[in-house]
Each structure stands twice: as structure tokens, then as C-alpha cells.
Amino acid sequence: MSNPASEIEVILAAFADTWNRHDMDAFAALFAADAELVTVTGRWLRGRAEIHAAHTAMHASVMKESRIELRDLSIRVLGPDLAIARARWRLEGLVGPGGVALPPRAGVFGNLVARQAGAWCLLDTQNTEIADPPAPRP
């Protein structure tokens with residue numbers, strides 16, 4: 001029998017991996033076709049195509065050298081095909097205008113994860129930046 005929490009951990013690991021490889025095609029494929037994502041700036045992206053376009057643009061500019069790390073993963077399985085997954089994130093390698101390096105950022109993101117057609121996908125994501133990032137944990 002499958003373990004939903006383990007399967008969802010794989011999706012979140014793929015989120016970080018595809019981000020760090022800047023493979024926005026693979027990144028977008030983690031989302032349901034009708035997924036929604038609210039960015040740290042409050043931009044509300046609707047649908048996989050919009051999520052793909054927005055992240056492709058970001059990864060061609062300010063995020064082109066970024067690396068994300070996910071930690072403190074929490075998964076609440078609500079049923080056989082639905083779960084909530086949260087993680088703290090740390091992002092570094094951002095660049096501003098003129099290629100100026102920006103300081104690392106940190107936050108928490110929450111995801112409603114659903115099994116659709118036998119596979120888990122991100123259905124709804126809310127991303128929240130922490131105003132004053134905490135020091136990294138040892």
C-alpha cells in the first residue's frame with residue numbers, strides 16, 4: 001500500500017530540485033492544470049500555464065542564479081487523495097537591477113496537494129515571506 005506522506009515528500013523535493021535546476025517546464029508540471037499559486041508579493045497566479053509563464057520570466061531575470069532549500073516539512077493527510085503540506089524555505093542567489101546580489105530571503109509556504117489521475121500534484125500554494133529571516137538552524 002502506498003504512503004501518501006512519502007509520495008508528497010517526493011513532490012516537494014521535486015519542487016526544490018526543478019527550481020534549483022531552473023527547469024520551469026518540470027516545475028510547472030508539478031502543479032494541477034487548474035492550480036492556483038499566491039506569490040510572496042501577493043500575485044495570484046491561476047492555472048499551470050500562468051504559473052509556468054510567471055516563473056519562467058522570474059528565472060530568466062532575478063531568480064536566474066537562485067537556489068531554494070526546503071526544511072521543516074509538515075504533511076497532514078486529510079484523506080486518500082488530499083493533503084496539506086507546509087515547509088520553511090530559504091532562498092539565496094537573487095539578483096537585483098544591474099546584477100547586484102540581493103540578501104537571502106526566507107519564508108513558509110503551504111500547499112493543498114491532491115491526487116489526480118493516480119498522481120499527486122500541487123493544487124493550491126500560498127507563499128509567505130518572513131520579514132526578518134531567522135538565522136539558519138544548525
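General remarks:
- Efficiency of FRET between residue 116 and residue 25 - r from beta-carbon atoms, R0 22 angstrom, step 0.05: 0.70
- For segment 42-138, with all protein chains in place and a probe radius of 1.4 Å, 57% of the accessible heavy-atom surface sits on carbon or sulfur.
- 1.4 Å probe accessible area per residue over the chain, in Å²: 55 Å²
- Segment 20-138: C-alpha gyration tensor shape, a/c 1.5 cut-off, then a/b vs b/c: oblate
- Amide N of segment 38-69 lying under 19 Å from the label point, which is placed 7 angstrom from the Cα of residue 126 along Cα→Cβ: 38-47
- Between residue 108 and residue 10, the distance separating the two model label sites (each 7 Å from Cα on the Cα→Cβ line) works out to 2.8 nm.
- Helical mean residue ellipticity (222 nm; -39500 (n - 2.57) per DSSP H run of 4+; nearest 500) of the chain: -8000 deg cm²/dmol
- Of all DSSP beta bridges confined to the chain, the antiparallel ones make up roughly 90%.
- Contact order relative to length of segment 35-138, as percent, for alpha carbon pairs under 8 angstrom and 6 or more apart: 24 percent
- Label-to-label distance, residue 74 versus residue 92, with points set 7 angstrom from Cα along the beta-carbon direction: 2.6 nm.
The values are calculated or read from the model by the stated rules, or taken from the named source; none is laboratory data. Only a predicted model underlies this, so the values are computations on that prediction, with no experimental measurement involved. Glycine gets a Cβ as well: all are built from the backbone with ideal geometry, and neighbour counts include every protein chain shown. In case anyone asks, the SASA skips ligands and DNA or RNA and just uses the protein heavy atoms, side chains included. Shrake-Rupley method; radii C 1.70, N 1.55, O 1.52, S 1.80 Å.
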